[in-house]
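Trainee: Could you have a look at this structure, given as structure tokens, before my questions?
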Amino acid sequence: MDRLAHPSDADVAAVDAWWRANNYLTVGQIYLVANPLLREPLAGEHIKPRLLGHWG
């Protein structure tokens with residue numbers, strides 16, 4: 001329990017890396033239709049023309 005109350009710098013860095021990776025994946029799924037790993041420069045044809053789904 002003490003580890004949760006007083007996380008080490010390594011714990012904080014791990015959570016930060018996890019958070020950033022999850023945000024990247026989420027944004028890619030919502031907005032991109034192609035090139036999710038950005039292996040080429042982002043272009044207009046990679047972005048969905050219309051966002052579909054349930055927004056709450």
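The values are calculated or read from the model by the stated rules, or taken from the named source; none is laboratory data. Everything quoted here is computed from the prediction, not taken from an experiment. Heads up, the Cβs are rebuilt from the backbone with ideal geometry, glycines too, and the neighbour counts pull from every protein chain shown. Protein only, heavy atoms only, side chains kept; ligands, DNA and RNA dropped before computing areas. Shrake-Rupley method; radii C 1.70, N 1.55, O 1.52, S 1.80 Å.
Trainee: Compute the helix-to-body angle for 9-31: its Cα long axis versus the longest principal axis of the chain, expressed 0 to 90° and rounded to tens.
Mentor: Between helix and principal axis, roughly 20 degrees.
Trainee: Return one whole number: the accessible area per residue of the chain in Å², for a 1.4 Å probe. Intermediate values should be presented prior to the final figure.
Mentor: On the way: 5200 Å² over 56 residues.
Value for the chain: 93 Å² per residue.
Trainee: State the answer as a single residue: which of Y31, L4, L52 lies farthest towards the positive end of the charge dipole of the chain, with beta carbon charges of +1 for Lys and Arg and -1 for Asp and Glu, about the Cα centre.
Mentor: The one lying farthest along the dipole's positive direction is L52.
Trainee: Report the chymotrypsin sites (Phe, Trp or Tyr not before Pro) located in the range 3-55 that are in a DSSP loop and have at most 13 other Cβ atoms inside 10 Å of their Cβ, or state none. Walk me through the numbers before you get to the answer.
Mentor: Working: sites: W18, W19, Y24, Y31, W55; in loops: W55.
Sparse-neighbourhood loop chymotrypsin sites (Phe, Trp or Tyr not before Pro): W55.
Trainee: Oh, and also: If you roll a 1.4 Å probe over the chain with all protein chains in place, what percent of the accessible area is carbon or sulfur? It would help to have the intermediate numbers written out before the result.
Mentor: Numbers: 3300 of 5200 Å².
Of all accessible area on the chain, carbon and sulfur atoms account for 63 percent.
Trainee: Turning to a different aspect of this structure: Let me cross-check E45: its accessible surface, 1.4 Å probe, with only protein heavy atoms counted, in Å² to the nearest 10?
Mentor: 130
Trainee: Add +1 for every Lys or Arg and -1 for every Asp or Glu among the other residues with Cβ under 15 Å from the Cβ of H46, and state the total. Could you put the intermediate results ahead of the total?
Mentor: Values: positive: R39, K48, R50; negative: E40, E45.
After counting each charged neighbour, the total is +1.
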